[in-house]
Amino acid sequence: MIFLKNIKVRLLPGLLFGMMFISLYCGNSNKITPEKLWSESDRKLIVDELNRTTNELMIEIENLSDAQWNFRESDERWTISEIVEHLELQNELHYRQIIVVANMPPMPKYLPATRGLDETFSNYATDTLKRQAKSFLEPIGRFCSKTESIYAFKRARNLLVEFVENTQVDLRKHFSFSKPIGNKNINQIKTGEVFDLHQLLLIGIAHTDRHLNQIRKLKKHPGYKAIQ
């Protein structure tokens, strides 16, 4: 009996501490589990825009002849074939990037660096600044035919749409970086150096719109119009 009493005496402080911890945890659950920032309207926007830009691209390219598909304005300009290859690579890269980042712990400390910047990333579609594609996104003739190129693009896009439709990850709390930021304070981070996964998807959508404009402009070229 004395032995059992000693056990009770030794266990009591631990039990009391455990009950206090549970009470504190439950009482502060809102602080430990903050509200979800990525909304269902955010989800719908991304899905709708991914589908819109896919459909618009298909309208522009599906009925092209081989001559139109491979028409080149000049040595410095891409063909429609090369533009679509570039877009497929960008979609595949973004999908892999999103899958990796979404499975990492959230990093809410970067929220102040990205809040309110959605429009900034979407404006990339109409940005007139000439940009150079990163070497691993440059087209090198990876696909043997227009059919294979379109299939690859649709496949990558469908993976993105499927992810966005089904994910339960709060895309506002997971971040990607355009360059290493080291130990920079939040107020030292420049616009575009860090973006949340919702914004990364906005960048991909704007990137497609940008190249849709490029395709439409190419189709107005006299040499393209002369193709029978």
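Table for the structure above
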| read-out | value |
| --- | --- |
| Filter pass, S29 being out of contact with any Lys or Arg (no Cβ under 9 Å at 6 or more places or on another chain), of a type in the set (G, A, S) and modelled with pLDDT under 95 | yes |
| Wholly enclosed helices (runs of 4 or more DSSP H) of region 56-150 bearing at least 3 residues hydrophobic (A, V, I, L, M, F, W, C) and at pLDDT 95 or above | 80-102 |
| Qualifying residue in region 122-132 (condition: touching a residue at least 40 places away in the same chain (Cβ under 8 Å), assigned by TED's automatic domain parsing to the domain that holds L93 and in contact with a Phe, Trp or Tyr (Cβ under 9 Å, 6 or more places away or on another chain)) | no |
| Criterion (surrounded by 11 or more Cβ atoms within 10 Å (Cβ to Cβ), under 15 Å from the mean Cα position of the chain (by Cα) and either closer than 26 Å to L218 by Cα or touching a residue at least 24 places away in the same chain (Cβ under 8 Å) (or both)) met by exactly one of L45, L89 | L89 |
| Considering residues of region 156-196 that are among the basic types (K, R) and in a loop (DSSP other than H, G, I, E, B) only, the residue nearest to the chain's Cα centre (by Cα) | K179 |
| Residue check for F153: within 30 Å of K109 (Cα to Cα), among the aromatic types (F, W, Y) and part of a helix (DSSP H, G or I) | no |
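The values are calculated or read from the model by the stated rules, or taken from the named source; none is laboratory data. Small disclaimer: the values here were computed from a predicted structure and weren't measured. Because the Cβ atoms are built from the backbone with ideal geometry, glycine has one as well, and the counts that use them run over all protein chains shown.
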